[in-house]
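The structure appears right after this line, and notes come after that.
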Amino acid sequence: MPKDHGIGASQKRREDVRFLTGTGQYTDDINVYGQTYCHFLRSDVAHGRITSIDTAAAEAMPGVVRIFTGKDFEGVGGLPCGWLITDRFGEPMKEPGHPVLAQGKVRHVGDPICAVVADSLEEARNAAEAIVVEIEELPAVVDMKAALAEGAPLVHDDMGTNLCYDWGFVEDNRAAVDEAIRNAHHVTTLELVNNRLVANPMEPRVAVAEYNRANDESTLYTTSQNPHVIRLLMGAFVLGIPEHKLRVVAPDVGGGFGTKIFHYAEEAFVTFAARKINRPVKWTSTRSEAFMSDAHGRDHVTKIELALDKDNNFVAVRTDTLANMGAYLSTFSSSIPTWLHGTLMAGNYRTPHIYVNVRAVFTNTVPVDAYRGAGRPEATFQLERVIDKAARELGVDPIALRRQNFITEFPYATPVAVEYDTGDYVATMDKLEEMIDRAGFAARRKESEAKGKLRGLGINCYIEACGIAPSNLVGQLGARAGLYDAATVRVNATGSISVMVGAHSHGQGHETSFPQVVAEMLGIDESMIDIVHGDSSKIPFGMGTYGSRSLAVCGSAMVRATEKIINKAKKIAGHLLEAADTDIELKDGRFTVAGTDKSVAWGDVTLAAYVPHNYPLEEIEPGLEETAFYDPSNFTYPSGAYACEVELDPETGRVTVERFAAADDFGNVVNPMIVEGQVHGGIAQGIGQALLESCVYDSDGQLLSASYMDYAMPRATDVPFYAVDHSCATPCTHNPLGVKGCGEAGAIGSPPAVVNAVIDALASGGHKVDHIDMPVSPHRVWSAMQG
Amino acid sequence: MYSFEIVRPTSLADAVAALGQDEAQALAGGQTLIPSLKQRLAQPSVLVSLTAIAEMQGVSAEGGVLTLGGGTTHGTVAREAAAHYPALAALASNIGDPAVRNRGTVGGSLANNDPAACYPAAALASGATIVTNSREIAMEDYFQGMFTTALEEGEIITAVRFPIPEKAAYIKFEQPASRFALVGVFVAKFADGVRVAVTGASEEGVFRWTEAEEALSGNFSATALDGLTVSADGLMSDIHGSSAYRAHLIGVLTKRAVAAAA
Ligand SMILES: Cc1cc2nc3c(=O)[nH]c(=O)nc-3n(C[C@H](O)[C@H](O)[C@H](O)COP(=O)(O)OP(=O)(O)OC[C@H]3O[C@@H](n4cnc5c(N)ncnc54)[C@H](O)[C@@H]3O)c2cc1C
């Protein structure tokens, strides 16, 4: 019988009650007495020099409290980048300033120039229209190759180049890889684009700031995945507010997908302005603003080469990638195409020689940063596409070619500097083959053909690195922050528990799954346990939620803190039972003296901790509250095998996903239902990237896909019912729960499976098409078929 | 949006009078107008809601003609026209989502004449008549290029009369993001000939594919279209499809519409 309690139980998500009944508390639901409203006047040109700003008429308009321009931010810090990349020549990356409001130049459509603060949003918008900004338009650079060409217009004049860095990984392998490719029996080459995406969380970004003159304290409510990181970056680097005078709260957040990790100009602005005008300031993004101000994702242009020996063993991989940074370095932008991408290029395979070259490029577009998967989907896509192409060129079965090259022994140190602790790629592939009824594919293809359609099967394997760590290593790699997490377990006198966690839940279901872990450890009911998250004044510290890190990193901190609670509680129980604490056993919420029927209940012990009348005060302190910080010793490495079956209409080029199967290895699973939901959502986003989503600029830097009229999000009818499985579990060896991470897997594993299936469908109709860039739209498929 | 007054007259005469004011504009379902107001792309001083005018509502069929009140919603057309003109009802049932269909109206759609909208194809293929508060406008005179029609300032579409064909079908190939027509083809077979109207494709808005009409009038079957192609000249090209792709789709969808016509 499936468990209904503790680790492994598919408990319904308790937070959904408030989300589904409209009682969630999102940032936009927060309104503070005396609040003003802010509207940003944004650049409508991609690149230009600001020659004058005249706010006089606007300032005289009704309701206007104050108008801010870049001048107000002279002497104030810029938005920092959290990761310093060292290039392949040992030089630091180019790190241009990123002002809160434009200073001198605008660098992308949407770059904020002025901010109007007024009594109402209407008045702020009206006044913004009366501001006269003169901009001398400059030629824009949009295409990355053009940006690197001699004489290209410079996004940042003071950098002298649009090249942010030229990174080689592992640089020492470069010559050996070149050599291996030169001498290889067969080399498959593929050039591809990983399409630029807009994250589009359902809730747009919002920031509300208030300032308390009495104690000089600022509070920022913001739609963030990591409020402590915002406090650190904004307090220390931008506004110079010490942590104890700055509270950052991220209440219910309606989806993040990465784009709410970063520290943004708007939240720094409202915090700054609230202090200046001594009134609260609120900003709510419109959907249109989100398209031109939320950090975008992906946008890589890659050439990959896969070299094989005469027996089809992989001998080398070489990649050459251009990665778009956009106009400024967003918080984690520089690390995505490097440490989160290069380290994954071994995939699931034994390839002895790997070299990754990435050139990061500034362009006159919105900054690009992490989006669900962040670097890992880009790595997986190119590797799995080139493997599929190689299989086709060599006339071998794509599954067999993968199986032949799987890593089978763990731990496995890759040539790209990471060590996989566990995994069983054969087991997930076996499971996948069982799930997809491969034997029945030929019949299904016939059925499609009878309707005038083509049918294709696409396979994909992925490896992910989650819970990026340890801090001392990432520090050497250029991270400007630690990557641990923290939890405080506060047991109250009556035995109920609040767990303050540094992870932030914005769709992941932590409020349900985290208590399951503590309940399992203590043998008490989940209803006695609540999670507190998202408020820097309530939580010790935290690095937040992204990179599928929450349970593996923060969950581990919570386990450590709970272990401390158990140790102390056993001492108290030992005292109450007049036995040695080493003889005390905790089971089903009772402390028993081993081998006797003497016991006390959980509540007796917690009460004694807070009413210490009969208590060993000389040995232990009263109270029952423990904190732990946890810094993992390694990443976790989830992996899996995915299959997609598509049907393709050769007359129109339209592709529909008919079947989709995912066999994942996430290690131990705390709440299977939540894990499946995460995989479902990830696959939907991956299918969205593969078939629909595309962020497009024209050559002048105007955003063509600036609304849902032109940016296609996946809808329910675009995705099939999924078959998902996570029974092939190889628990992580280095965290206490043996958990890996499941949040991004679906978005990493699905795009190559879809595109591989499309190519397979075309091949079955006699169309020799090597590759179609994503999104594989009807128009692109039809064009490819025309040759 | 900018602030505006709103009135909701209950008679056509009051609506016409209200629309006589400076900077007044008709508001039907608001599915096109409200988004443009939100973007501050228009600044009417008075919006005259047409939703409370009973004489502009309803679906009726008589003497081979289906009449839709100008204020009839897509949702109502989908339900109530199905028995009389199934292809038209099916078209209405595929516009937007339930919220759009419950607000958006046939009059609003035809007044707006979006080059990717569905109703213009149905009206043109059916040879419909636009009835306004002051006159009747024949199809041949009504559409005048994208977002442009023969309507005068303040003129209200009170009804649209669709001659009911023997057989008809509308095939919409959706633009992936908006789900408007990337190309849509409406084929209508009448006793005296076939009409084929194409939406979504031309820079001039909805148009008739006369070569196809001639071929189909002689032989109403998909094979009659073999070898017929549409020139890509003057067709739209955007991030969702080139003009050549649109030209190709017109051929494919017309055949499918003929095959589907019932
Ligand atoms: C999400 C979404 C999806 C959509 N998908 C489709 C689709 O697939 N196919 C499609 O065809 N359409 C689609 N539409 C458009 C929809 O059909 C609109 O309802 C229609 O175009 C406008 O009708 P309305 O009643 O909402 O008009 P409104 O928005 O109220 O008005 C539009 C214009 O017409 C004028 N007007 C309105 N009624 C009259 C009248 N009776 N006489 C004279 N002038 C009038 C108004 O003054 C205004 O200028 C979609 C809209 C949305 C929001």
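Structure summary
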{"quantity": "Options B:L47, B:L110: the member that is in contact with a helix residue (DSSP H, G or I) (Cβ under 7 Å, 6 or more places away or on another chain), open to solvent by less than 10 Å² (accessible area, probe 1.4 Å), within 15 Å of B:G30 (Cα to Cα) and within 9 Å of the ligand (Cβ to nearest atom)", "calculated": "B:L110"}
{"quantity": "Filtered residue count, the range B:192-243, keeping only those that are of a type in the set (A, V, I, L, M), within 22 Å of B:A87 (Cβ to Cβ) and within 14 Å of chain A (Cβ to nearest Cβ)", "calculated": "3"}
{"quantity": "Single residue of A:S498, A:S536 found to be buried (at least 23 other Cβ atoms within 10 Å of the Cβ) and touching a residue at least 24 places away in the same chain (Cβ under 8 Å)", "calculated": "A:S536"}
{"quantity": "Subset of the range A:184-199 that is outside any loop (DSSP other than H, G, I, E, B) and either open to solvent by less than 40 Å² (accessible area, probe 1.4 Å) or of a type in the set (S, T, N, Q) (or both) - its residue that is nearest to A:R392 (Cα to Cα)", "calculated": "A:T188"}
{"quantity": "Subset tally (residues that are out of contact with any strand residue (DSSP E or B) (no Cβ under 7 Å at 6 or more places or on another chain) and β-branched (V, I, T)) for the range A:374-413", "calculated": "2"}
{"quantity": "Filter pass, B:V59 being touching a residue at least 24 places away in the same chain (Cβ under 8 Å) and closer than 23 Å to B:A15 by Cβ", "calculated": "yes"}
{"quantity": "Residue match in the range A:567-580 (condition: in contact with a strand residue (DSSP E or B) (Cβ under 7 Å, 6 or more places away or on another chain), closer than 29 Å to A:E464 by Cα and surrounded by fewer than 24 Cβ atoms within 10 Å (Cβ to Cβ))", "calculated": "no"}
{"quantity": "Top-ranked residue in the range B:195-237 [being among the charged types (D, E, K, R) and part of a helix (DSSP H, G or I); ranked as most open to solvent (accessible area, probe 1.4 Å)]", "calculated": "B:E214"}
{"quantity": "Filter pass, A:G507 being outside the structural domain of A:R231 (by TED's automatic domain parsing) and open to solvent by 10 Å² or more (accessible area, probe 1.4 Å)", "calculated": "yes"}
{"quantity": "Residue count for the range A:723-755, restricted to those that are within 20 Å of A:R298 (Cα to Cα) and not β-branched (V, I, T)", "calculated": "11"}
{"quantity": "Residues of the range A:683-702 classified as more than 11 Å from chain B (Cβ to nearest Cβ) and either of a type in the set (D, E) or touching a Phe, Trp or Tyr at 6+ places or on another chain (Cβ under 7 Å) (or both), total", "calculated": "2"}
{"quantity": "Among (1) modelled with pLDDT under 95; (2) under 16 Å from A:E626 (Cβ atoms); (3) crowded, with 22+ Cβ neighbours inside 10 Å - the single one A:L522 does not satisfy", "calculated": "(1)"}
{"quantity": "Unique match (being in contact with a Cys (Cβ under 6 Å, 6 or more places away or on another chain) and either outside the structural domain of A:Y711 (by TED's automatic domain parsing) or more than 27 Å from A:A379 (Cα to Cα) (or both)) among A:I131, A:I135", "calculated": "A:I131"}
{"quantity": "Selected residue (criterion: farthest from the ligand (Cβ to nearest atom)) from residues of the range B:174-187 that are open to solvent by less than 20 Å² (accessible area, probe 1.4 Å) and in contact with a helix residue (DSSP H, G or I) (Cβ under 6 Å, 6 or more places away or on another chain)", "calculated": "B:V187"}
{"quantity": "Hits in the range B:244-262 (condition: part of a helix (DSSP H, G or I), more than 11 Å from chain A (Cβ to nearest Cβ) and touching a strand residue (DSSP E or B) at 6+ places or on another chain (Cβ under 6 Å))", "calculated": "B:A247, B:I250, B:T254, B:A257, B:V258, B:A260"}
{"quantity": "Of all residues in the range A:710-737 being β-branched (V, I, T) and in contact with a Ser or Thr (Cβ under 9 Å, 6 or more places away or on another chain), the one that is nearest to B:D238 (Cα to Cα)", "calculated": "A:T730"}
{"quantity": "Subset tally (residues that are more than 16 Å from the ligand (Cβ to nearest atom) and under 19 Å from the mean Cα position of the chain (by Cα)) for the range B:61-72", "calculated": "3"}
{"quantity": "Residues satisfying the stated conditions in the range A:114-124, i.e. part of a helix (DSSP H, G or I) and open to solvent by 60 Å² or more (accessible area, probe 1.4 Å)", "calculated": "A:L121, A:E122"}
{"quantity": "Among the residues listed as B:F147, B:F162, B:F190, the single one being of a type in the set (F, W, Y), within 16 Å of the ligand (Cβ to nearest atom) and in contact with a strand residue (DSSP E or B) (Cβ under 9 Å, 6 or more places away or on another chain)", "calculated": "B:F162"}
{"quantity": "Which numbered condition A:A370 fails, given (1) under 25 Å from the mean Cα position of the chain (by Cα); (2) part of a helix (DSSP H, G or I)", "calculated": "(2)"}
{"quantity": "Strands (runs of 3 or more DSSP E) within the range A:577-689 that include 2 or more residues at positive phi", "calculated": "none"}
{"quantity": "Residue identified as open to solvent by 20 Å² or more (accessible area, probe 1.4 Å), under 24 Å from A:E210 (Cα atoms) and in contact with a Ser or Thr (Cβ under 9 Å, 6 or more places away or on another chain) among A:T69, A:T27, A:T23, A:T55", "calculated": "A:T69"}
{"quantity": "Selected residue (criterion: nearest to A:G547 (Cα to Cα)) from residues of the range A:708-751 that are open to solvent by 40 Å² or more (accessible area, probe 1.4 Å) and polar (S, T, N, Q)", "calculated": "A:T733"}
{"quantity": "Contacts under 6 angstrom Cβ, first residue in the range A:570-584 being assigned by TED's automatic domain parsing to the domain that holds A:E625, partner charged (D, E, K, R) and not in a helix (DSSP H, G or I), 6 or more apart", "calculated": "A:L577/A:K598"}
{"quantity": "Qualifying residue in the range B:152-159 (condition: closer than 25 Å to A:L692 by Cβ and open to solvent by 20 Å² or more (accessible area, probe 1.4 Å))", "calculated": "no"}
{"quantity": "Output for the range B:124-134, where each listed residue is touching a residue at least 40 places away in the same chain (Cβ under 8 Å) and more than 9 Å from the ligand (Cβ to nearest atom)", "calculated": "B:L124, B:A125, B:S126, B:G127, B:V131"}
{"quantity": "Verdict on A:S705 being surrounded by fewer than 18 Cβ atoms within 10 Å (Cβ to Cβ) and either within 11 Å of another protein chain (Cβ to nearest Cβ) or at pLDDT 95 or above (or both)", "calculated": "no"}
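For (1) away from the ligand (no atom under 12 Å from the Cβ); (2) in the same structural domain as B:S126 (by TED's automatic domain parsing); (3) open to solvent by 60 Å² or more (accessible area, probe 1.4 Å), each residue gets a yes or a no:
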{"site": "B:A15", "(1), (2), (3)": "no, no, no"}
{"site": "B:G29", "(1), (2), (3)": "no, no, no"}
{"site": "B:T32", "(1), (2), (3)": "no, no, yes"}
{"site": "B:V59", "(1), (2), (3)": "yes, yes, no"}
{"site": "B:H74", "(1), (2), (3)": "no, yes, no"}
{"site": "B:R79", "(1), (2), (3)": "yes, yes, yes"}
{"site": "B:A90", "(1), (2), (3)": "yes, yes, no"}
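The values are calculated or read from the model by the stated rules, or taken from the named source; none is laboratory data. Predicted model, so just to flag it, every value in this text is computed and none were measured. As a convention, Cβ positions derive from the backbone with ideal geometry for all residues, glycine included, and neighbour counts pool all protein chains shown. The accessibility values were calculated without ligands, DNA or RNA, using every heavy atom of the protein model including side chains. Shrake-Rupley method; radii C 1.70, N 1.55, O 1.52, S 1.80 Å.
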